[in-house]
C-alpha cells in the first residue's frame, strides 16, 4: 500500500514539473536587417521583428514618408555605416537566444535580461511606438530611449526623428 501511495505522489510531483514554464530558445539563422531576424526551432523557421518598436528600417520602408525623410536616413547611414549592421554586432548566427512571442513580434534577449529592442533604442535606431502599452516592457523601453536621446545617438542627433515621424503620423 505504501508503494502505491509513494508512486501516486511521485506521479503528481512529476506532472507539476512538466508544466513549468521553460523559456523558448531559438537559433539565429540570419540577420536580414536591424529590424528583421530569422530564427529556427528544429525544422521550423520564422522571422522576428522587435516588439513595441518603430525602427529606422520601418520608417524608411513606410510608404507615407517623404523623399526628404528618406534622404535624411540615407545620409545618416552614409555617415554611420556601422549602425546599418548594428544587430550583427549584438547577435551571432547559429547562437541560441531566448525569445518571447508577443503580438506577432519578438522579445529577443541578447545580453542576459537586456533585449534587442533596448539596445536599438539606446543606439538611437528605433523609438517606442506611441501606441505601445505593455506595462512589463514600457518602462525599460522608455528608459533606453531616454538614454539614446540624452547621448544624441542615432536618429536623435540630426533631428531625423522629427522630420520622419511627422510624415508617418499625418
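The values are calculated or read from the model by the stated rules, or taken from the named source; none is laboratory data. If you're wondering where the values come from, they're calculated on a predicted model, not measured in any experiment. Positions of Cβ are generated from backbone atoms using ideal geometry, with glycine treated the same way; all protein chains shown enter the neighbour counts.
Return the only residue of 57, 74 being under 16 Å from residue 105 (Cβ atoms), part of a helix (DSSP H, G or I) and either at pLDDT 90 or above or under 26 Å from the mean Cα position of the chain (by Cα) (or both).
57
Looking at (1) surrounded by fewer than 10 Cβ atoms within 10 Å (Cβ to Cβ); (2) at pLDDT 60 or above; (3) in a helix (DSSP H, G or I), which is the one condition that is false for residue 17?
Among (1) surrounded by fewer than 10 Cβ atoms within 10 Å (Cβ to Cβ); (2) at pLDDT 60 or above; (3) in a helix (DSSP H, G or I), the lone unmet condition for residue 17 is (2).
Give segment 33-46 a look and list any residue that's out of contact with any helix residue (DSSP H, G or I) (no Cβ under 8 Å at 6 or more places or on another chain) and more than 12 Å from residue 108 (Cα to Cα), or say none.
40, 41, 42, 43, 44, 45, 46
Could you count how many residues in segment 78-89 are in contact with a helix residue (DSSP H, G or I) (Cβ under 9 Å, 6 or more places away or on another chain) and loosely packed, with under 14 Cβ neighbours inside 10 Å?
Of the residues in that region, 2 qualify.
Residues that are touching a helix residue (DSSP H, G or I) at 6+ places or on another chain (Cβ under 6 Å), modelled with pLDDT under 90 and over 28 Å from residue 26 (Cα atoms), at least 3 per element: which strands (runs of 3 or more DSSP E) completely within segment 90-163 meet that?
By residue number, no strands (runs of 3 or more DSSP E) qualify.
If you take the residues of segment 126-152 that are touching a strand residue (DSSP E or B) at 6+ places or on another chain (Cβ under 6 Å) and touching a residue at least 40 places away in the same chain (Cβ under 8 Å), which of them is surrounded by the most Cβ atoms within 10 Å (Cβ to Cβ)?
If we take residues in segment 126-152 being touching a strand residue (DSSP E or B) at 6+ places or on another chain (Cβ under 6 Å) and touching a residue at least 40 places away in the same chain (Cβ under 8 Å), then 126 is surrounded by the most Cβ atoms within 10 Å (Cβ to Cβ).
Checking the structure you have, find out if any residue of segment 77-84 is in contact (Cβ under 8 Å) with a residue 60 or more places away in the chain and within 18 Å of residue 28 (Cβ to Cβ).
No, segment 77-84 contains no residue that is in contact (Cβ under 8 Å) with a residue 60 or more places away in the chain and within 18 Å of residue 28 (Cβ to Cβ).
For the subset of segment 45-54 comprising residues that are over 16 Å from residue 98 (Cα atoms) and modelled with pLDDT of 90 or more, which member is surrounded by the fewest Cβ atoms within 10 Å (Cβ to Cβ)?
Out of the qualifying residues, it is 52.
For the subset of segment 90-111 comprising residues that are exposed (fewer than 15 other Cβ atoms within 10 Å of the Cβ) and either touching a residue at least 60 places away in the same chain (Cβ under 8 Å) or more than 14 Å from the chain's Cα centre (by Cα) (or both), which member is nearest to residue 41 (Cα to Cα)?
Of everything passing the filter in segment 90-111, 96 is nearest to residue 41 (Cα to Cα).
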